[in-house]
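Chemist: Input: one structure, supplied below.
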Amino acid sequence: MRPFVSIGLIVIVGLLAAVLTGFRTDLLFGSRGYDEEQEGLKQRIVIKFSHVVAENTPKGLAAERFAKLVREKTNGRVEVQVFPNGILYSDTTEIPALLDGEIQMIAPAFSMLSNVIPAWSVMDLPYAFRDQQDVEKAFQGEIGKKLFQTLESRNMKGLAFWRNGFKQMTSRKPIRTLDDFAGQRFRIMQSKVLETQFRTLHATPVSMPFNEVFPNLEKGLADGGENTISNIYSKRLYQVQKYMTISNHGYLGYAVIMNESFWNKLPPDIQAKIMEAMEETTAWNYQTALAMNDSQLKLLKERTDLQIHVLTPEEKAQWQQALQPVYAAHAEAIGKELMTSLEQLRKQR
Ligand code: LMR
């Protein structure tokens, strides 16, 4: 009986205390814990971050990591809500949604940005970058600086460049020589340079949003496409494409952007924490993107339903030569300064 008596006594004393204080827990337990939580709730800042790829990709993982770092660095005051796989907006609708303030953050592929600001087409030029080192020079040098400047007058705040990787060709038919492109329909991201690229190869470009690629390839609405290893792997495109050619003919990367009016309204201490989280995420994204594309290429090589051909140096030289006219066709839209910066970058080493 004794334990029941003690419990009863504790309950009665607790109730009495609550009645005397008008059920004000702050008077009982001190005001800090109670008030802080309520303040935090009112002041919580939500950043909706929409993207179109799977979670298990360089961009998907970077978005999650950024959200975690922001939450930790701001003690939960800022919540980054990540919407992957195009569940909120597709790659064609996410830029207008950002500008309208429906969402606060996106990380579109350069190709998508080039539809709004043609200067970004420079990043889509075939064989613009020989390797990741060239890409890094572009991000950190004159090209990156000039491209970020173009965002300023468009209500977009450029936060970072994130990597995915070099693009490879996939198709229902083998692609090895330039003649193999003729008559085939290739899915592209909406981009004028990519359109010219495939027309130059006597193929037909068909633009479609990323989340429609698998079903449309399955339906036969396109014969092939170009994408990074991680996108091909995570979207299981090998189930609808029998052949892949390692061509490294273009680079797929992202500009991480926030709605600028939203950014400007954030308190300076929060802006600083967000930038800190972004820098850490971007450094991590560099390692992750390279590692993922490498390890997933190994997994693709193990598949018996996908034939992989690696372009020989001679074949690559032929492709590069054949795609040269794409530069002249887009030089004016890209602008002299950026074209010169790209030329200089390629002269280094
Ligand atoms: C694509 O549409 O193929 C890619 O841009 C998707 C992405 O964002 O990586």
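Computed from the coordinates by the stated procedures, all read-outs in this text should not be read as laboratory data. Because the structure is predicted, anything quoted here is derived from the model rather than measured. All Cβ positions, even for glycine, are placed from backbone atoms using ideal geometry, and neighbour counts span all protein chains on display.
Chemist: With the cut-off at 1.5 for a/c, could you classify region 48-91 from its C-alpha gyration tensor as rounded, prolate or oblate?
Modeler: Because a/c hits 1.5 or more and a/b fails to exceed b/c, region 48-91 counts as oblate.
Chemist: Between R172 and K336, what is the label-point separation in nm under the 7 Å Cα-to-beta-carbon projection?
Modeler: 4.8
Chemist: Using a Cα-Cα cut-off of under 18 Å, which aspartates and glutamates could be cross-linked to K48, ignoring same-chain neighbours fewer than 8 residues away?
Modeler: Cα-Cα hits under 18 Å: E64, E72, E79, D91, E94, D100, E102, E260.
Chemist: Hey, another quick one. For region 100-110, just list the computed ³J(HN,Hα) in residue order, Karplus coefficients 6.51, -1.76 and 1.60, θ = phi - 60°, integers in Hz, with x standing in for Gly and Pro.
Modeler: My calculation for region 100-110 gives 7, x, 5, 10, 10, 8, 9, 9, x, 5, 3 Hz in order.
Chemist: Can I ask one more? Amide H of H249 versus every other amide H placed in the peptide plane: which residues, excluding those fewer than 5 positions away on the same chain, fall under 5 Å?
Modeler: Under 5 Å from the amide H of H249: K167.
Chemist: Separate question: Enumerate the amide H contacts of L311 below 5 Å, restricted to partners 5 or more residues apart or on another chain; note that Pro and chain-start residues carry no placed amide H.
Modeler: Here I246 satisfy the definition.
Chemist: Using θ = phi - 60° and the Karplus form 6.51 cos²θ - 1.76 cosθ + 1.60, what ³J(HN,Hα) does each residue of region 301-318 get, whole Hz, x for Gly and Pro?
Modeler: Rounded to whole hertz, the list is 5, 6, 6, 8, 8, 10, 9, 10, 10, 9, 4, 6, x, 5, 4, 4, 4, 5.
Chemist: Longer than 24 Å from Cα to Cα, which of K59/K167; K157/K235; K68/K145 are they? Say none if no pair is.
Modeler: K157/K235; K68/K145
Chemist: Residues with amide H under 5 Å of I188's amide H, sequence separation 5 or more or different chain, H placed in the peptide plane at 1.01 Å from N; which?
Modeler: Result for I188 returns V206, S207, M208.
Chemist: Using every pair of alpha-carbon atoms in the chain, split the distances into 10 Å bins beginning at 0 and state the percent of pairs per bin, rounded to integers.
Modeler: In order of increasing distance, the bins hold 5, 22, 29, 19, 9, 5, 5, 4, 2, 0 percent.
Chemist: Calculate one ³J(HN,Hα) per residue across region 200-212 by plugging θ = phi - 60° into the Karplus curve 6.51 cos²θ - 1.76 cosθ + 1.60, and present them in order as whole Hz with x for glycine and proline.
Modeler: Taking θ as phi minus 60°, the curve returns 4, 8, 6, 10, 9, x, 10, 8, 7, x, 4, 6, 9 Hz for region 200-212.
Chemist: So what is the calculated 222 nm ellipticity per residue for the chain, using -39500 (n - 2.57) for each DSSP H run with n of 4 or more, over all residues, to the nearest 500 deg cm²/dmol?
Modeler: -15500 deg cm²/dmol
Chemist: Right, something else. Over the chain, what is the relative contact order in whole percent, taking alpha-carbon pairs under 8 Å and six or more residues apart?
Modeler: Rounded, it is 23 percent for the chain.
Chemist: Sketch the reach of a paramagnetic label on R130 as a point 7 Å from Cα along Cα-to-Cβ, and name the residues of region 282-324 whose backbone nitrogen lies under 19 Å away.
Modeler: 311-324
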